[in-house]
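S.K.: Let me begin by handing over the structure; questions about it come next.
The values are calculated or read from the model by the stated rules, or taken from the named source; none is laboratory data. Here the structure is a predicted model, which means the values were calculated and not measured. Positions of Cβ are backbone-derived with ideal geometry, glycine not excepted, and every protein chain shown enters the neighbour counts.
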């Protein structure tokens, strides 16, 4: 009896285990970003391959003719005088030799003269006659310059006699003082005489139509034995002086 009961119990448990659901070990693939499995495959969108742009065929451009950085002047076939002003009435202050060049910095209003850095002294400037030189470079923008006023550039004074030796009772004596006044161009020059004795004597006015020298003289009275000086003081066009010294001695 007991044996039959045990067999029946085991049979019931066996039949119950046959009805349990079967678990699978391979879960369905999940769609990324979704928690719900899906068996549907999405057809991928075709991305068109970009069409490569054709490279433009380079166009050949011939290099432009280079313009010199500086505008330059060269003599054509002989050395050219460089003058203080744009006229042959002005003094020669430099020279541009064949094979050399000068930097152009300006011109006069009718472009008959070029204003250049002095080839003989680059710290100064002077004028070249356009007919005698070749101008190269970018000359169009060069400014127009006016001629600088001419000036007195030198004064030469001579005393005759240069010294006196006379009896101490022979005073007063007279000396002749000559003055040569040189300008570098057309000018009107005014001046006066000045002496070591504090005297101021009227000079005068001289008209210069071109560069050159003009002179004047004065008789100067010597009253005693001593050292003297006498000078020409230029008042215009520029303030300058030229001086000479002399000596008077006497024998008792």
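S.K.: Just need a number here: residues in segment 200-224 that are surrounded by fewer than 18 Cβ atoms within 10 Å (Cβ to Cβ) and assigned to a loop (DSSP other than H, G, I, E, B).
M.R.: 4
S.K.: Working only within segment 226-252, note down all residues that are in contact (Cβ under 8 Å) with a residue 40 or more places away in the chain and surrounded by 18 or more Cβ atoms within 10 Å (Cβ to Cβ).
M.R.: 230, 231, 232, 234, 242, 244, 246, 248
S.K.: Is it the case, given these coordinates, that residue 245 is within 52 Å of the chain's Cα centre (by Cα), closer than 19 Å to residue 174 by Cα, assigned by TED's automatic domain parsing to the domain that holds residue 177 and part of a strand (DSSP E or B)?
M.R.: On the way: within 52 Å of the chain's Cα centre (by Cα): yes; closer than 19 Å to residue 174 by Cα: yes; assigned by TED's automatic domain parsing to the domain that holds residue 177: yes; part of a strand (DSSP E or B): yes.
Here the answer is yes, as residue 245 does meet what is asked.
S.K.: Next question, about the same structure. Over 15 Å from residue 156 (Cβ atoms), in a loop (DSSP other than H, G, I, E, B) and within 35 Å of the chain's Cα centre (by Cα): does that describe residue 197?
M.R.: Answer is no for this residue.
S.K.: Report yes if some residue within segment 165-185 is touching a strand residue (DSSP E or B) at 6+ places or on another chain (Cβ under 6 Å), part of a loop (DSSP other than H, G, I, E, B) and closer than 30 Å to residue 234 by Cα; otherwise report no.
M.R.: Scanning segment 165-185 turns up at least one residue that is touching a strand residue (DSSP E or B) at 6+ places or on another chain (Cβ under 6 Å), part of a loop (DSSP other than H, G, I, E, B) and closer than 30 Å to residue 234 by Cα.
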